[in-house]
1. How much area per residue is accessible in the chain when the probe is 1.4 Å and only protein heavy atoms are counted (Å²)?
2. Place a label point 7 angstrom from the Cα of residue 120 along the Cα-to-Cβ direction, then list the residues of segment 29-58 whose backbone nitrogen is under 20 Å away.
3. Rule-of-thumb check for the chain: C-alpha Rg over 2.2 N^0.38 Å?
4. Work out from phi, with θ = phi - 60° and the Karplus expression 6.51 cos²θ - 1.76 cosθ + 1.60, the ³J(HN,Hα) of each residue of segment 40-49, listed in order in whole Hz, and give x for Gly and Pro.
5. Using a 1.4 Å probe over the heavy atoms of the protein chains, calculate the carbon and sulfur portion of the accessible area of the chain as a whole percent.
6. For the chain, modelled as a GNM with alpha-carbon contacts under 10 angstrom, which of 56, 25, 33 fluctuates the most?
7. Can you work out ³J(HN,Hα) from phi for every residue in segment 15-25, in order, using Karplus 6.51 cos²θ - 1.76 cosθ + 1.60 and θ = phi - 60°, giving whole Hz and x for Gly and Pro?
8. Please turn the phi angles of segment 69-80 into ³J(HN,Hα) values with the Karplus equation 6.51 cos²θ - 1.76 cosθ + 1.60 (θ = phi - 60°), one per residue in order, whole Hz, x for glycine and proline.
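The values are calculated or read from the model by the stated rules, or taken from the named source; none is laboratory data. Not measured: the values here are computed from a predicted model. Cβ placement follows ideal geometry from the backbone for every residue including glycine, while neighbour counts extend to all protein chains displayed. Side chains are part of the model used for accessible areas, which takes the heavy atoms of the whole protein and leaves out ligands, DNA and RNA. Shrake-Rupley method; radii C 1.70, N 1.55, O 1.52, S 1.80 Å.
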Amino acid sequence: QVQLVESGGGLVQPGGSLRLSCAASGSIFSIYSMGWYRQAPGKQRELVAAITGGGSTTYADSVTGRFTISRDNAKNTVYLQMSSLKPEDTAVYYCNAGGVHTTADDLGNYWGQGTQVTVSS
């Protein structure tokens with residue numbers, strides 16, 4: 001089995017910064033893509049940023065220039081550095097690992113439990 005454990009959420013003032021981390025563990029052989037999604041109350045879950053094992057990145061237009069995603073392949077860990085935070089960034093942030101190839105030769109997609117980010121004065 002594969003588990004994703006997130007950390008780093010919390011309350012921050014507008015203009016502040018936060019860093020989210022997500023570590024994948026279990027019988028992992030490789031992970032194609034890791035990323036972050038978010039879901040605000042009453043809204044659909046949306047992609048925030050994603051990164052492949054080769055380092056290719058994708059960002060939502062709303063966070064481009066403010067958020068930076070990075071990844072440590074050796075640790076199966078993905079990070080999201082969030083700067084210049086705005087109240088509209090408030091949401092539950094979910095870590096995702098896609099194209100996870102396990103040592104049992106399974107291929108799957110996994111989610112973390114979510115971490116709350118609140119941007120408010």
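1. Details: 6250 Å² over 121 residues.
It amounts to 52 Å² per residue over the chain.
2. Zone members listed by number: 38-44.
3. 1.03
4. Per residue, the Karplus-derived 3J(HN,Hα) values read 8, x, x, 10, 7, 5, 10, 5, 9, 6 Hz.
5. Working: 2990 of 6250 Å².
Percent of accessible area from carbon and sulfur atoms in the chain: 48.
6. Comparing 56, 25, 33 in a Gaussian network model of the chain, the most mobile one is 56.
7. For segment 15-25, the Karplus-derived couplings read x, x, 10, 8, 10, 9, 10, 9, 10, 9, 9 Hz, x marking Gly and Pro.
8. Along segment 69-80, the couplings run 9, 9, 8, 10, 5, 5, 9, 6, 10, 10, 10, 10 Hz.
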